[in-house]
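Here's the structure we're looking at; comments come further down.
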Amino acid sequence: MEPNPKIKVALVDDHKLFRKGMVELVNNFSGYGVIWEANNGRELTQKFTTEEAPDIVLLDINMPEMDGYETAAWLKQHHPKVMVLTLSMYDHEEAIIKMLRAGAKGHILKDADPQELQTALQALVKKGFYYSELVSGTLLNSLNRDPENNKKAAALVKLNDRESEFLKLACTEFTYKEIADKMCLAPRTIDGYREALFEKLQVKSRIGLVLYAIKTGHVVIN
């Protein structure tokens, strides 16, 4: 481990063997070093009381005592400058959306190539986010732009009431089938709304819909 790593990393995961391997991997990346390890979010929060904060937290989702969702939300509230990169086996949209709403800046799978992890860390440092092919970097980056420009962008795309309702529900943890039930529509109709909005908003995934909704004020994250 570098005594004074340029980019300080904390690793939070309850699987010790995996964590030890990750520590060695990150420490081998030039300019990065793991300064903390924790079994869960509770352990991580306690470290902030006595030690210097890391720049990046590599955060598992499924952990005992305090899971990734709670931990990301805590970091967003108490240490908003600390960037969270989710490191998980979960690749379904609902989990990624929930972590995004909690404040995560990126998401990669645990079985990803080491090169992708290095790329993700570099992206966090340079751009402040990393979402691979899941979302457009341009769209995510626009979340940090002038709110007035976001309002103008929203004005260029007219959504009817049902499309707006669907967009807001798409920003929750509901599955598409559950959204269909909420809107009293057939699943096939919901599929039609989804594809229509993909085309209208120029996005390729549900994550893209969420980012558009946040950017344009259809959904507000507290």
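The values are calculated or read from the model by the stated rules, or taken from the named source; none is laboratory data. Values in this document were obtained by computation on a predicted structure and should not be read as measured data. Cβ coordinates were reconstructed from backbone atoms using ideal geometry, including for glycine residues, and neighbour counts include every protein chain displayed. Ligands, DNA and RNA are stripped out before the accessible areas are found, and what is left, the full protein with its side chains, is counted by its heavy atoms. Shrake-Rupley method; radii C 1.70, N 1.55, O 1.52, S 1.80 Å.
Odds and ends about this structure:
- Here region 161-216 is assigned +1 on the Cβ of each Lys and Arg and -1 on the Cβ of each Asp and Glu. Its dipole about the Cα centre then comes out at about 140 debye.
- These residues, T50, T216, go from largest to smallest accessible area, 1.4 Å probe, as T50, T216.
- When the convex hull of its Cα atoms is projected in every direction, mean area for region 7-147 (nm²): 8.2 nm²
- Using the Cβ of A196 as centre and a radius below 11 Å, the other residues enclosed give a net charge of -1, where K and R count +1 and D and E count -1.
- Sites T119 and E178 - FRET efficiency at Förster radius 41 Å, r taken between beta-carbons, to 0.05: 0.75
- Rough spin-label spacing in nm, given labels placed 7 Å along Cα→Cβ, for T189 and L17: 5.1 nm
- For R206, R101, the ranking by accessible surface with the largest value first comes to R101, R206, using a 1.4 Å probe.
- Summarising the amide proton neighbourhood of N62: residues at separation of 5 or more, or on other chains, whose placed amide H is nearer than 5 Å comprise G68.
- Seen from D55, the other residues with C-beta closer than 12 Å to its C-beta sum to a net charge of +3, counting Lys and Arg as +1 and Asp and Glu as -1.
- For T86, the residues whose modelled amide H falls within less than 5 Å of its own, excluding neighbours fewer than 5 places apart on the same chain, are L59, K105, G106, H107, I108.
- Positive-end extreme of charge dipole, region 1-97 - chosen from M89, I7, P64 (charges on Cβ): I7
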